[in-house]
Amino acid sequence: MGAKTKAEVVEYASKHTIEEKLTAAVNEAILSNSPDPLGVIAAILQRESAARGAVDYDLVRNEIKSLLENQLWDDGSLGPKFVRLAWHSSGTWDPVTKTGGSNGAGMRFEAERSDPENNGLMEGQAFLEPIKKKFPGISYSDLWVLAAYVFIEQSGGPAMEFTPGRVDHADENAPAMPPIGRLPAAEKYIVKGQQDEQGRAMGWEKLAMHIRDEVFGRMGFTDRETVALIRGATCTAAVTRRTLGMPVRGWRNRPSGPTSTPPTWLATTGDW
Ligand code: HEM
């Protein structure tokens with residue numbers, strides 16, 4: 001069914017019962033000889049539902065917008081949580097083995113969720129669950145990315161074209177599931193409590209190598225891009241606030257509201 005046009009899929013969908021469609025998907029999965037037959041079935045069904053226009057992404061966007069402000073949560077916005085969810089879902093990508101990445105939404109499963117760097121991201125997923133229930137045709141992997149896009153736009157950042165089509169893994173045995181350890185670990189290789197003659201934490205060179213090569217270099221980012229990314233206020237604001245107890249500043253005071261300060265981290269001219 002993968003090569004069919006949208007019109008053909010719509011025609012097929014309107015002529016066949018769900019039982020017939022499932023049987024066809026199962027047959028295709030068996031014939032594909034894929035090591036992940038459930039993933040093939042899920043892909044076929046999701047593609048069909050997307051092709052039929054079953055998901056109105058503008059409606060999903062509106063739902064996400066209405067969710068962003070939450071005075072009971074943290075400093076009043078779920079936005080940063082959604083940005084981190086989207087980034088951690090993408091930040092496991094390995095172009096060499098073609099494993100990890102946003103596609104699959106593997107963080108729903110223990111195999112990826114249990115990465116200690118993913119602590120706290122279950123909450124982000126849970127907040128989006130009612131939207132997934134309301135729009136079952138959207139994949140989790142698309143929803144997580146779209147939630148971050150909506151927040152970035154809503155908080156004064158650039159409007160980014162959203163391309164749906166990510167397909168969720170059927171289970172944690174999906175071949176593309178990433179191993180634990182692909183996300184940046186802020187203290188990896190650091191020898192706790194020990195400093196060099198310049199007062200730097202022992203192991204800082206190896207930590208720098210981890211961030212540069214093991215994480216961002218692996219995904220193809222240049223040094224410049226890596227520095228820009230990790231120096232972004234997204235990260236520093238959160239880390240500063242959480243770990244050093246410093247006051248919350250700037251856009252984080254009310255990041256998803258229309259009157260919030262435009263986040264300068266997004267307003268880059270590209271001249272960096
Ligand atoms: C060296 C790379 C990075 C490290 C070590 C790092 C580490 C962290 C840590 C430890 C937290 C606090 C987590 C918590 O307790 O809730 C955090 C939060 C956050 N990070 Fe990063 N991060 C990195 C890169 C990035 C990048 C590239 C982005 C965005 C693209 C990002 C976006 C965020 C956001 C939005 C939060 C706040 C989440 C919230 O408030 O719930 N981080 N980061």
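Some notes on this structure:
- Close amide H contacts of Thr99 (hydrogens built in the peptide plane, cut-off under 5 Å, sequence separation of 5 or more or a different chain): Asp94.
- Estimated vicinal HN-Hα couplings, Hz - the stretch 149-162 in sequence order (Karplus 6.51, -1.76, 1.60; Gly, Pro = x): 4, 4, 5, 4, 5, 5, 8, x, x, x, 7, 10, 5, 9
- Listed residue pairs exceeding 32 Å between alpha carbons, taken from Lys21/Lys98; Lys132/Lys188; Lys81/Lys206: Lys132/Lys188
- What the Cβ-Cβ distance of Thr23 and Leu59 gives, at R0 = 30 Å and to the nearest 0.05, is a FRET efficiency of 0.45.
- Ascending count of other beta-carbon atoms within 10 Å, so fewest first, for Phe216, Phe82: Phe216, Phe82
- In order through the stretch 85-92: 3J(HN,Hα) via Karplus (6.51 cos²θ - 1.76 cosθ + 1.60), integer Hz, x for Gly, Pro: 4, 5, 5, 5, 6, 8, x, 9
- For Thr222 and Ser34, the difference between the fully extended length at 0.36 nm per residue and the C-alpha to C-alpha distance is 64.2 nm.
- Residue exposure proxy: Val150, Val227, ordered by other Cβ atoms within 10 angstrom of their Cβ from fewest to most, comes out as Val227, Val150.
- Ranking of Thr23, Thr226, Thr163 by neighbouring Cβ atoms within 10 Å, starting from the fewest: Thr163, Thr23, Thr226.
Taken together, the values in this text are just the output of simple stated rules run on the coordinates, not laboratory data. Note that this is a predicted model, so its numbers are computed, not measured. A quick note on method: Cβ atoms are made from the backbone with ideal geometry, for glycine too, and the neighbour counts reach across all protein chains shown.
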